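Since the structure comes first, as structure tokens, the remarks are kept for the end.
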């Protein structure tokens with residue numbers, strides 16, 4: 001039963017990634033006063049399947065000086081990493097209670113940058129190597145703050161289990177009494193998933209698509225699916241941690257769709273950050289805010305312990 005549940009969830013993730021790309025293209029087109037995809041199927045609903053079929057049927061080429069084996073295996077590694085992390089999804093029925101969910105998420109999210117590094121290195125291209133170097137610097141900058149933001153709530157709940165967030169937010173959402181942390185977390189999510197305005201590893205205007213420049217056909221499709229499934233997962237995690245976490249209700253999925261729309265909205269509205277600005281933002285703004293909240297909640301926890309147990 002657990003195996004069938006996982007297979008069903010993977011199929012749903014693949015379908016949702018396809019329709020998420022359609023949503024992105026539609027929203028971007030209407031924000032730019034044009035139609036977007038509207039020819040394949042009714043209102044363009046079959047466009048994701050057409051694009052996926054086209055990508056997987058195209059000829060797969062490889063650069064002459066690339067490391068062939070690593071070059072082919074790297075997109076599959078990125079896809080497996082982005083799908084493997086979905087085992088944290090909380091089920092109301094047939095539930096696998098993952099008590100170390102936070103630690104597992106941090107471990108898997110740190111592995112994501114290795115896919116970008118190896119993709120850029122194995123292609124043996126100047127542009128792809130520049131993209132992978134940018135992704136390394138970006139990961140060092142924001143992942144410290146992202147980990148500290150999560151540990152703030154660990155101090156408050158004394159639990160790594162994601163299902164506990166549903167019970168603790170039954171009266172009030174965590175977003176309301178840690179508003180600055182919520183916006184810091186959203187920015188870290190955009191940096192984690194290489195989305196605008198922090199898509200430095202892809203930088204189309206100056207890097208000609210960055211780390212994935214040499215990939216086409218199935219390899220590019222794998223990288224594409226891994227990026228968009230990571231976006232949907234980060235939206236799901238944001239709803240779990242900050243927006244109530246009521247994973248047994250329909251409102252939970254409506255909030256996920258709204259956050260996915262928010263990612264697209266930011267892409268349509270904001271230009272790409274300058275690279276040193278991201279470093280400054282991560283080290284001089286997000287890190288002090290998350291550290292202050294960490295000490296604040298730790299101090300409250302000590303006071304509660306002293307009041308009730310001593």
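The values are calculated or read from the model by the stated rules, or taken from the named source; none is laboratory data. Predicted model, so just to flag it, every value in this text is computed and none were measured. Heads up, the Cβs are rebuilt from the backbone with ideal geometry, glycines too, and the neighbour counts pull from every protein chain shown.
Does region 161-169 contain any residue that is surrounded by 21 or more Cβ atoms within 10 Å (Cβ to Cβ), modelled with pLDDT under 85 and either in contact with a helix residue (DSSP H, G or I) (Cβ under 8 Å, 6 or more places away or on another chain) or part of a helix (DSSP H, G or I) (or both)? Scanning region 161-169, I find at least one residue that is surrounded by 21 or more Cβ atoms within 10 Å (Cβ to Cβ), modelled with pLDDT under 85 and either in contact with a helix residue (DSSP H, G or I) (Cβ under 8 Å, 6 or more places away or on another chain) or part of a helix (DSSP H, G or I) (or both), so the answer is yes.
The single condition among (1) within 25 Å of residue 277 (Cβ to Cβ); (2) surrounded by 18 or more Cβ atoms within 10 Å (Cβ to Cβ); (3) more than 22 Å from the chain's Cα centre (by Cα) that residue 125 does not satisfy is (1). No other residue among 273, 215, 280, 248 is more than 25 Å from residue 105 (Cα to Cα), loosely packed, with under 14 Cβ neighbours inside 10 Å and more than 16 Å from the chain's Cα centre (by Cα) apart from 280. Taking region 1-84 and the helices (runs of 4 or more DSSP H) fully enclosed by it, the elements with 3 or more residues that are modelled with pLDDT of 85 or more and over 30 Å from residue 129 (Cα atoms) are at 2-31, 47-57. Taking the criterion of being outside any helix (DSSP H, G or I) and closer than 18 Å to residue 220 by Cβ, the residues of region 115-160 that qualify are 124, 125. In this entry, residue 102 passes the filter for residues that are part of a helix (DSSP H, G or I), under 17 Å from the mean Cα position of the chain (by Cα), more than 18 Å from residue 286 (Cβ to Cβ) and touching a residue at least 24 places away in the same chain (Cβ under 8 Å). Restricting 253, 306 to those that are surrounded by fewer than 15 Cβ atoms within 10 Å (Cβ to Cβ) and under 17 Å from the mean Cα position of the chain (by Cα) reduces the list to 253.
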